[in-house]
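The structure under discussion appears below in the form of structure tokens.
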Amino acid sequence: MADTDFSDASAPLDTVLTVVSPENIAFQFRLAGPAMRAVALAIDAVVIACLAIGAILTVGTFRPLGDAAMGPLLVAAFFVWWGYGAACEVFANGRTAGKSALGLRVVSQTGLSINPAQAILRNLVRAVDVAPPFFPGVASMALTSRLQRLGDLAAGTIVIVERPRRLPKAPRVEAGAIDVVPPDFKPDPRVLEALAAYVSRRPDLPLGRRLELSRLAAERLCRVWGVPVPRDPDALVCGLYERAIASDGEDAS
């Protein structure tokens with residue numbers, strides 16, 4: 001992964017991070033500052049409190065069991081406190097209820113989605129981040145260029161402000177243009193962003209430049225799939241983009 005370019009030290013707390021991929025494509029992420037993250041944490045704390053109350057009331061129905069009910073109660077409290085954030089970030093693509101409300105998401109430092117190990121680690125370290133009276137997590141965010149608390153530093157993650165995606169309309173392509181694409185292939189968000197960038201600029205590009213750029217993408221993809229590059233790489237890239245946004249819309253529905 002190429003080096004990451006950061007804004008200078010005089011940039012505002014909510015700043016922009018530029019990540020350059022191995023394909024020399026730059027992706028920009030707006031980093032979430034302490035204020036937004038504090039509000040998201042407050043919302044999550046309310047959710048956790050509601051879940052904890054629900055667990056207590058549920059276990060309370062087994063009052064005839066006496067002290068034996070304390071075991072399940074402690075297990076439930078432990079999972080709610082430590083497991084809520086990790087579970088949400090694993091199954092909701094880096095979002096908790098608080099982060100979703102504020103439009104925030106946790107991603108890895110490379111811009112990719114976080115994995116379960118990263119989600120678990122950053123949430124375990126939260127106990128240190130919010131430890132009074134010094135609240136080390138706040139100090140860490142103020143001192144790091146990527147606004148990372150200690151849990152983020154340990155897990156290699158950052159928190160970003162998601163921008164609504166405005167995907168360009170897919171151009172028409174001939175039937176069979178994506179026959180070489182594996183049926184189960186689904187581009188990750190960064191690849192989809194690169195495809196969208198090409199499709200949006202495509203009408204302004206001369207035919208020669210269009211074929212040159214699309215062939216670069218087609219060669220990399222076909223090498224991964226183990227298939228020959230088709231005669232019309234532009235149709236392949238446009239067809240792949242069309243299928244990607246179609247499946248993206250189905251997933252959202």
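The values are calculated or read from the model by the stated rules, or taken from the named source; none is laboratory data. Note that this is a predicted model, so its numbers are computed, not measured. All Cβ positions, glycine included, derive from the backbone under ideal geometry; neighbour counts span all protein chains shown. Side chains included, ligands, DNA and RNA excluded: accessible areas come from the protein's heavy atoms. Shrake-Rupley method; radii C 1.70, N 1.55, O 1.52, S 1.80 Å.
Details
- Flag if residue 12 is assigned to a loop (DSSP other than H, G, I, E, B) and either among the aliphatic types (A, V, I, L, M) or at pLDDT below 90 (or both): yes
- Within the range 100-130, being among the hydroxyl-bearing types (Ser, Thr, Tyr) and touching an Asp or Glu at 6+ places or on another chain (Cβ under 9 Å) holds for one residue alone: 113.
- Residues satisfying the stated conditions in the range 142-154, i.e. closer than 15 Å to residue 105 by Cα and either open to solvent by 10 Å² or more (accessible area, probe 1.4 Å) or in a loop (DSSP other than H, G, I, E, B) (or both): 146, 147, 148, 149
- Taken as a whole, the structure leaves residue 192 outside the set of residues that are over 19 Å from the mean Cα position of the chain (by Cα), under 28 Å from residue 110 (Cβ atoms) and crowded, with 18+ Cβ neighbours inside 10 Å.
- Residues that are of a type in the set (Gly, Ala, Ser), open to solvent by less than 50 Å² (accessible area, probe 1.4 Å) and within 16 Å of residue 48 (Cβ to Cβ), drawn from the range 92-118: 92, 97, 98
- Scanning the range 198-236 for residues being under 15 Å from residue 169 (Cβ atoms), touching a residue at least 24 places away in the same chain (Cβ under 8 Å) and of a type outside the set (S, T, N, Q) gives a total of 3.
- Pairs meeting the criteria (first residue in the range 122-145 and in contact (Cβ under 8 Å) with a residue 12 or more places away in the chain, second residue of a type in the set (Phe, Trp, Tyr) and not in a loop (DSSP other than H, G, I, E, B), beta carbons under 6 Å, at least 6 apart or on different chains) are 145/6.
- Tally of residues being touching a residue at least 60 places away in the same chain (Cβ under 8 Å) and within 13 Å of residue 41 (Cβ to Cβ) across the range 77-113: 4
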